[in-house]
Amino acid sequence: MLKRMIACWIVLGCVLFYGSMALAGAHGDMDRQRASGKGPAILLVTFGTSIPSAQAAFANIEEQVKAAFPDAPVKWAYTSYIIREKLAKSGQHLDSPEVALAKLMDEGHKRVAIQSLHMIPGAEFHDLKVNADAFKGMVDGFERLLVGYPALSTSEDLTKAADAVMTIIPKERKKDEAVVLMGHGTHHPSNAVYEAMMYRLQRRDPNVFMGTVEGGPTLDDIKEMLLERGVKKAWLMPFMSVAGDHAVNDLAGDENDSWKSVLTEAGIECAPVIKGLAEYDAFTDLWLDHLKVVMGHMR
Ligand code: CO
């Protein structure tokens, strides 16, 4: 009797267990069907900025992306915790890439194209890639999740960027006046991209220089070159997606150690142009071209 009861419980247990498995499977299938009707979503990822005037650059990129992919929902994520916190205090809530991806997954998106809006494939880009990869292989998660390269990733990008720089130099600038671009720079090995940019720019116009705030070429390198060539005036331009804090303060600020102050002190007249690269369509194309490659893999 006892043996029969135990056998019964085992059979019943098995039926319930496998039954619930089959049901879970059926729900999964229904979910998949529901979500598969959605086209790919686009997630634009940047360091972020808390300077309102710098937002013009992001607005321009978004406009270009929406024009190229009118059916895709476009979301934003800021990698900088400090910037997100600052903006939250004024009621602006920006997601980190991880939260943005979790939300997209929650909403049933199966295909997501992440576009890095960084300038170079540095630390922030690689961190983004690692965390995006962590979202792969989840049950009922994304079927396609790809990250587009930053603006200056391939040799072709450097050619396009150098050509684009030539088109954004102020018309009033005379040939013997220098154009000094300020890139961010990094401890990451990809800082070499800035050195390569210097070469590309110099080939086109020997009075156009590439410097960085946190890597090489340094401001000292640039100052030395300008003095060697007897340059009397320099146009200073940020080589960053947005004209944020570095452009406003480190490049064109009145502090003693700003690029404007240091070069002025060296006898070079300075004319700063405070506009982020993403405000120029010639540059938004660099990011857009990488996004197009990724979107091409979303079908
Ligand atoms: Co910085």
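The values are calculated or read from the model by the stated rules, or taken from the named source; none is laboratory data. This structure is a prediction, so every number in the text was calculated from the model and none was measured. Here the Cβ is made from the backbone with ideal geometry for all residues, glycine too, and neighbour counts use every protein chain on show. The area values use the complete protein model at the heavy-atom level, side chains included, leaving out ligands, DNA and RNA. Shrake-Rupley method; radii C 1.70, N 1.55, O 1.52, S 1.80 Å.
Please give the per residue accessible area of the chain, computed with a probe of 1.4 Å over protein heavy atoms only, in Å². Walk me through the numbers before you get to the answer.
Values: 15380 Å² over 299 residues.
Per-residue value: 51 Å².
Dipole size in debye (nearest 20) for the range 186-272 around its Cα centre, Lys and Arg Cβ +1, Asp and Glu Cβ -1?
Numbers: 8 positive and 14 negative charges, 111 e Å.
The calculation lands at about 540 debye.
Kindly express, to the nearest 10 degrees and within the range 0 to 90, the angle between helix 281-296's C-alpha long axis and the longest C-alpha principal axis of the chain.
Its long axis makes an angle of about 20 degrees.
Report the full-extension gain for the segment Asp221 to Ala56: residue separation times 0.36 nm, less the Cα-Cα distance, to one decimal in nm. Before the final figure, lay out each step's value.
Details: separation 165, 0.36 × 165 = 59.40 nm, distance 3.15 nm.
Between Asp221 and Ala56, full extension yields 56.3 nm more.
Identify, among Phe209, Ile222, Ala247, the residue whose Cα sits farthest towards the positive end of the charge dipole of the range 185-275, taking +1 on the Cβ of Lys and Arg and -1 on the Cβ of Asp and Glu, with the dipole about the Cα centre.
Phe209
R0 = 22 Å: FRET efficiency of Asp281 with Gln202, Cβ-based, nearest 0.05? Show your work: numbers first, answer last.
Working: r = 25 Å, r/R0 = 1.12.
In this case the efficiency is close to 0.35.
Place a +1 charge on the Cβ of each Lys and Arg in the chain and a -1 charge on the Cβ of each Asp and Glu, then give the dipole magnitude about the Cα centre in debye, rounded to the nearest 20. Let's see the in-between values first.
Numbers: 32 positive and 39 negative charges, 265 e Å.
Here the chain has a charge dipole of around 1280 debye.
Lys292: accessible area at probe 1.4 Å, nearest 10 Å²?
Here the accessible area works out near 100 Å².
Compute the angle between helix 192-204 and the longest alpha-carbon principal axis of the chain, please, reported from 0 to 90 degrees and rounded to the nearest 10.
50 degrees
Quick one: ranking Val139, Val65, Val213 by accessible area, 1.4 Å probe, largest first, what do you get?
Values: Val139 135, Val65 5, Val213 50 Å².
Solvent-accessible surface, decreasing: Val139, Val213, Val65.
Of all DSSP beta bridges located in the chain, what percent are antiparallel, nearest 5? Could the numbers behind the result be given before it?
Working: 0 of 30 bridges.
Rounded to the nearest five, the antiparallel share is 0 percent.
Which angle from 0 to 90°, rounded to the nearest 10, does the C-alpha axis of helix 97-106 make with the longest principal axis of the chain?
With both axes taken from Cα atoms, the answer is about 30 degrees.
Just by accessible area at a 1.4 angstrom probe, what is the order of Arg204, Arg111 from largest to smallest? All intermediate terms of the calculation are to be shown ahead of the outcome.
Working: Arg204 90, Arg111 55 Å².
From most accessible down to least: Arg204, Arg111.
First compute the accessible area of the chain with a 1.4 Å probe, then give the percent of it belonging to carbon and sulfur atoms. Present the calculation step by step, with values, prior to reporting the outcome.
Numbers: 8850 of 15380 Å².
Ligands and nucleic acids excluded, carbon and sulfur give 58 percent.
Which of Lys75/Lys223; Lys174/Lys223; Lys110/Lys275 have a Cα-Cα distance over 30 Å?
Values: Lys75/Lys223 41 Å; Lys174/Lys223 19 Å; Lys110/Lys275 37 Å.
Listed pairs above 30 Å: Lys75/Lys223; Lys110/Lys275.
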